[in-house]
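The values are calculated or read from the model by the stated rules, or taken from the named source; none is laboratory data. Owing to the predicted nature of the structure, the values given are computational and were not obtained by experimental measurement. Heads up, the Cβs are rebuilt from the backbone with ideal geometry, glycines too, and the neighbour counts pull from every protein chain shown. Only protein heavy atoms, including side chains, enter the accessible area calculation; ligands, DNA and RNA are left aside. Shrake-Rupley method; radii C 1.70, N 1.55, O 1.52, S 1.80 Å.
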Amino acid sequence: MAKYENNPRAIRGLVREAEVHRDVYVDPEVFELEMEHLFPNSWIYVGHASQLSKPGDFITANIGRQPVVASRHSDGAIHLFYNRCPHKGVKIASEPCGNTGKFFRCPYHAWSFKTDGSLLAIPLKKGYEGTGFAETQANDGLSKIKNVVIYRDFIFARLSEHGVAFEDYFGDSLSTIDNMTDRSPQGKLAVEAAPIRYMHTCNWKMLVENQTDTCHPMVAHESSAGTAIKVWQREQGDSTEKPMAVQLYGPFMSPYEFYEQSGIRIWPNGHGHTGVNNSIHSNYSDIEGYLGQMVAAYGETRAHEILGEVRHNTVYFPNIMVKGAVQILRNFIPIAVDRTLVESWVYRLVGAPDKLYERALMYNRFINAPTSIVGHDDLEMYERAQEGLKTNGNQWVNLRRLYESGEEPDVTAVINGTSERQMRNQFHAWAKYMTMDMDKNLDQPGEAAE
Amino acid sequence: MISENTITDFVYREADLLDTMQWQAWLDLFHPEARYWMPLEWQQQDPVLQPSLMYEDLLLMKVRIERLAGERTFSQKPKSRCHHLLQAPQILACDPAAGIFKARTSFIYTETRGDALERFSGWASHDLVQVGDELKIKLKRIDLVNFDAPFGNIQLFM
Ligand code: FES
Ligand SMILES: [Fe+2]
């Protein structure tokens, strides 16, 4: 029974000022509508330009559930296409990345396409003469996605032809991508390896919300971070220098007061970040030679400004999180209403000491891997929530921590770091991007079938 | 005198200690400088500047083991159990004079928790050294055949 299709009012009804209905996490119909509306209306991360360094390089990705392929053309431009052959729909690229040479060749009937997507050749072409083929969409080659923006090498796309412009959509939130990129003395990041992949049997939004949930680490991660501290204190003997591993785990156990004062910043359209004043990444030991390189590249003042901005987690609505200080991006890829693939990427700071890359890789496997004890703690909570939300006793999820009546939507603000306002911010954006093209489809905007 | 049989027995015993959850006895098999490594690339060479699923020293292995028994380790309620099915180890080196002992063992590993059961296939490589009359693990390396696939939680040791 379609409860939500063509019913923007019902969708909006799922989001109250400081509560959301459990259907946003457990209802398959809502998930279908997210794929149909939310993801196409939003700007989605596709990949990083360093993965496409040479002509013919390609990467594949999904936007919502739709497969896409990005390629570097001979003139240096990056193009994005739906990953399907215009003939019978066969995926044109099947690997996560590679180099296709001068053209893509469909493996089924050998139609070929230039790396800008245009149709290059069809075997036995005369069979199409006089058939009206030139008037079909197939004649245009691979279907191109027009709304693509590459911001400091981060490739984003919006599938909907019409919608919010990239700059308006992200606004000042791009400052986290700036900070991460500026942390390279050359102002350049590079993807050098595949991501860590981790399958989650929960709704994708649980992961996104968790990124700014600062009241869970000291509770849910007592088992991992707490044990790490305990074992280190017992085993350290005479060693005075904390190993990198203990430096990375330890701060998860910071008390509520720490998170309260470190602050959360929210931006319009559902973006926001934890760690405004300082963060769990603030006290990592210095890495030899790095500050010198930064000062040489940017000057004393600017170098300290860049390195002094130690944000914790930045959520780019709808489904990525960027950790500028540790050069990690987590992509929460929706598979089904209760299934999410998490791909966690590490960027190398080009020109910076290896030790920084080593630390980022270590952080990624400690926190974001299927073998990560911190990951085990989190996934257990998501799975239990996915189960618990099936109960009918109370159908609402409570997001009221530090709620103030009359909170304005779509503003920039800095607030107490234990507030759930960023989650409220995300759900406000969720309802907006879910319904912005539903209204158009209806004769009477906002008036849906009862 | 350490023979090929000694190495084979050692590999079987190590798996048995994991399956029977004799964690302390298992840890005692490791050299103080040992590493437990699960690469994330085919024939990976570098554990430090290439991503891995695990690359842990004894301190971190102790953290894992202590965590398993923690009162507030919610992901172990209910507890996980595991089972190793090993092929006969292939002895790659058995050189007492040089102190080099290496084996590679094909395995199927099962981890269960509650109603869930996950199965993994791969190869375990043991780099061993002699300490007194005993063998100790210097490096245990687990290469999964599908290291690049997305897994759910893997909470015990392969
Ligand atoms: S499906 Fe691609 S050439 Fe036929
Ligand atoms: Fe967490």
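Could you check segment B:3-25 and list, in sequence order, the residues that are in contact (Cβ under 8 Å) with a residue 24 or more places away in the chain, open to solvent by less than 20 Å² (accessible area, probe 1.4 Å) and of a type outside the set (Val, Ile, Thr)?
B:14, B:15, B:18
Return the residue satisfying two criteria in turn: it lies in segment A:101-116 and is without any contact (Cβ under 8 Å) to a residue 60 or more places away in the chain, away from ligand 1 (no atom under 14 Å from the Cβ) and within 30 Å of the chain's Cα centre (by Cα), and of such residues it is nearest to the other protein chains (Cβ to nearest Cβ).
A:101
What are the pairs, 6+ residues apart or on separate chains, where a residue within segment A:337-366 that is over 27 Å from residue A:294 (Cα atoms) has its Cβ under 7 Å from a residue that is open to solvent by 40 Å² or more (accessible area, probe 1.4 Å) and part of a loop (DSSP other than H, G, I, E, B)?
Within 7 Å, the pairs are A:338/A:201; A:339/A:201.
Suppose we filter A:262, A:239 for residues that are hydroxyl-bearing (Ser, Thr, Tyr), farther than 24 Å from residue A:342 by Cβ and more than 16 Å from ligand 2 (Cβ to nearest atom); which single one remains?
A:239
Could you please find all residues in segment A:58-73 being open to solvent by 30 Å² or more (accessible area, probe 1.4 Å) and in a strand (DSSP E or B)? Before you say what the answer is, go through the steps one by one.
Let us first name the residues in segment A:58-73 that are open to solvent by 30 Å² or more (accessible area, probe 1.4 Å), namely A:60, A:62, A:65-67, A:72.
A:60, A:62, A:66, A:67, A:72 - these are the residues of segment A:58-73 that are open to solvent by 30 Å² or more (accessible area, probe 1.4 Å) and in a strand (DSSP E or B).
Would you mention how many residues in segment A:55-95 are within 13 Å of ligand 1 (Cβ to nearest atom) and over 18 Å from residue A:156 (Cβ atoms)?
Going through segment A:55-95 one residue at a time, the tally reaches 11.
In this structure, is residue A:185 more than 11 Å from every other protein chain (Cβ to nearest Cβ) and either surrounded by 23 or more Cβ atoms within 10 Å (Cβ to Cβ) or touching a residue at least 12 places away in the same chain (Cβ under 8 Å) (or both)?
yes
For residue B:41, state whether it is touching a residue at least 12 places away in the same chain (Cβ under 8 Å), part of a strand (DSSP E or B), open to solvent by less than 70 Å² (accessible area, probe 1.4 Å) and within 14 Å of chain A (Cβ to nearest Cβ).
No: the conditions fail for residue B:41.
Being more than 16 Å from ligand 2 (Cβ to nearest atom), open to solvent by 50 Å² or more (accessible area, probe 1.4 Å) and either free of Cβ contacts under 8 Å to residues at least 60 places away in the same chain or not assigned by TED's automatic domain parsing to the domain that holds residue A:343 (or both) is true for just one of A:134, A:138, A:157. Which residue is that?
Of the residues listed, the single one that is more than 16 Å from ligand 2 (Cβ to nearest atom), open to solvent by 50 Å² or more (accessible area, probe 1.4 Å) and either free of Cβ contacts under 8 Å to residues at least 60 places away in the same chain or not assigned by TED's automatic domain parsing to the domain that holds residue A:343 (or both) is A:134.
Would you mind finding the one in A:384, A:339 that is modelled with pLDDT of 95 or more, within 29 Å of residue A:221 (Cα to Cα), surrounded by fewer than 16 Cβ atoms within 10 Å (Cβ to Cβ) and within 12 Å of another protein chain (Cβ to nearest Cβ)? Let's see the steps before the verdict.
Details: A:339 fails: surrounded by fewer than 16 Cβ atoms within 10 Å (Cβ to Cβ).
Going through A:384, A:339 in turn, just one is modelled with pLDDT of 95 or more, within 29 Å of residue A:221 (Cα to Cα), surrounded by fewer than 16 Cβ atoms within 10 Å (Cβ to Cβ) and within 12 Å of another protein chain (Cβ to nearest Cβ): A:384.
Condition first: open to solvent by 10 Å² or more (accessible area, probe 1.4 Å), of a type in the set (D, E, K, R) and at the interface with another protein chain (Cβ under 7 Å from one of its Cβ atoms). Now tell me which residues in segment B:44-81 satisfy that.
Across segment B:44-81, the qualifying residues are B:62, B:64, B:66, B:72.
Tell me which residues, restricted to segment A:173-182, are open to solvent by less than 20 Å² (accessible area, probe 1.4 Å) and either part of a loop (DSSP other than H, G, I, E, B) or among the small types (Gly, Ala, Ser) (or both).
Answer for segment A:173-182, where residues must be open to solvent by less than 20 Å² (accessible area, probe 1.4 Å) and either part of a loop (DSSP other than H, G, I, E, B) or among the small types (Gly, Ala, Ser) (or both): just A:173.
For residues that are open to solvent by 30 Å² or more (accessible area, probe 1.4 Å) and either of a type in the set (Lys, Arg) or in contact with a strand residue (DSSP E or B) (Cβ under 6 Å, 6 or more places away or on another chain) (or both), scanning just segment B:82-93, find the one that is nearest to the other protein chains (Cβ to nearest Cβ).
In this case the residue turns out to be B:83.
Go through segment A:99-131 and report how many residues are on the phi > 0 side of the Ramachandran plot, in contact with a Ser or Thr (Cβ under 9 Å, 6 or more places away or on another chain) and surrounded by 12 or more Cβ atoms within 10 Å (Cβ to Cβ).
1
Filter segment A:384-404 for residues that are assigned to a loop (DSSP other than H, G, I, E, B), touching a residue at least 60 places away in the same chain (Cβ under 8 Å) and more than 22 Å from residue A:278 (Cα to Cα) and give the result. Talk me through it step by step, then tell me what you get.
Initial filter on segment A:384-404 (assigned to a loop (DSSP other than H, G, I, E, B)): A:389-395, A:399-404.
Checking which are touching a residue at least 60 places away in the same chain (Cβ under 8 Å) leaves us with A:389-390, A:395, A:399-401, A:403.
Correct list: A:389, A:390, A:395, A:399, A:400, A:403.
All but one of (1) within 19 Å of the chain's Cα centre (by Cα); (2) surrounded by fewer than 20 Cβ atoms within 10 Å (Cβ to Cβ) hold for residue A:315; which doesn't?
Of everything listed in (1) within 19 Å of the chain's Cα centre (by Cα); (2) surrounded by fewer than 20 Cβ atoms within 10 Å (Cβ to Cβ), residue A:315 misses just condition (2).
Tell me, please, whether a residue that is open to solvent by 20 Å² or more (accessible area, probe 1.4 Å), within 14 Å of chain B (Cβ to nearest Cβ) and either in a helix (DSSP H, G or I) or within 16 Å of ligand 2 (Cβ to nearest atom) (or both) can be found in segment A:197-216.
Looking through segment A:197-216, at least one residue is open to solvent by 20 Å² or more (accessible area, probe 1.4 Å), within 14 Å of chain B (Cβ to nearest Cβ) and either in a helix (DSSP H, G or I) or within 16 Å of ligand 2 (Cβ to nearest atom) (or both).
Among the residues of segment A:227-249 satisfying the criterion of being under 12 Å from residue A:366 (Cα atoms) and open to solvent by less than 20 Å² (accessible area, probe 1.4 Å), which is farthest from the other protein chains (Cβ to nearest Cβ)? Talk me through it step by step, then tell me what you get.
First, the residues of segment A:227-249 that are under 12 Å from residue A:366 (Cα atoms): A:228, A:244-249.
Going one step further and asking which of them are open to solvent by less than 20 Å² (accessible area, probe 1.4 Å), we end up with A:228, A:245-246, A:248-249.
Working: A:228: 5, A:245: 6, A:246: 8, A:248: 11, A:249: 8 Å.
Here the answer is A:248.
Looking at (1) surrounded by 18 or more Cβ atoms within 10 Å (Cβ to Cβ); (2) away from chain B (no Cβ under 14 Å); (3) more than 15 Å from ligand 2 (Cβ to nearest atom); (4) not basic (Lys, Arg), can you tell me which one residue A:345 breaks?
The failed condition is (2).
Can you find a residue in segment A:256-267 that is of a type in the set (A, V, I, L, M, F, W, C) and within 14 Å of chain B (Cβ to nearest Cβ)? So that I can check it myself, show each step before the final result.
Start the filter on segment A:256-267 by keeping residues that are of a type in the set (A, V, I, L, M, F, W, C), which leaves A:258, A:264, A:266-267.
If we keep only those that are within 14 Å of chain B (Cβ to nearest Cβ) as well, we get none.
The answer is no, given that none of the residues of segment A:256-267 is of a type in the set (A, V, I, L, M, F, W, C) and within 14 Å of chain B (Cβ to nearest Cβ).
Scan (1) under 18 Å from residue A:151 (Cα atoms); (2) open to solvent by less than 10 Å² (accessible area, probe 1.4 Å) for the single condition residue A:39 breaks and write down its number.
Exception for residue A:39: condition (1).
Of all residues in segment A:250-270, how many are surrounded by fewer than 21 Cβ atoms within 10 Å (Cβ to Cβ) and of a type in the set (Phe, Trp, Tyr)?
2
Just wondering, is there one or more residues in segment B:127-148 that are closer than 22 Å to residue B:42 by Cα, of a type in the set (S, T, N, Q), more than 11 Å from the chain's Cα centre (by Cα) and within 14 Å of another protein chain (Cβ to nearest Cβ)?
Keep residues of segment B:127-148 that are closer than 22 Å to residue B:42 by Cα, which gives B:127, B:138-148.
Now narrow it down to the ones that are of a type in the set (S, T, N, Q): B:146.
Keeping just the survivors that are more than 11 Å from the chain's Cα centre (by Cα) gives B:146.
Now drop any that are not within 14 Å of another protein chain (Cβ to nearest Cβ), which leaves B:146.
Yes - at least one qualifying residue is present in segment B:127-148.
Looking at segment A:227-260 only, could you name the residues that are over 32 Å from the mean Cα position of the chain (by Cα) and part of a helix (DSSP H, G or I)?
A:230, A:231, A:232, A:233, A:234, A:235 - these are the residues of segment A:227-260 that are over 32 Å from the mean Cα position of the chain (by Cα) and part of a helix (DSSP H, G or I).
Across segment B:70-84, what is the total count of residues that are of a type in the set (Lys, Arg) and within 21 Å of the chain's Cα centre (by Cα)?
Residues flagged as of a type in the set (Lys, Arg) and within 21 Å of the chain's Cα centre (by Cα) within segment B:70-84 amount to 2.
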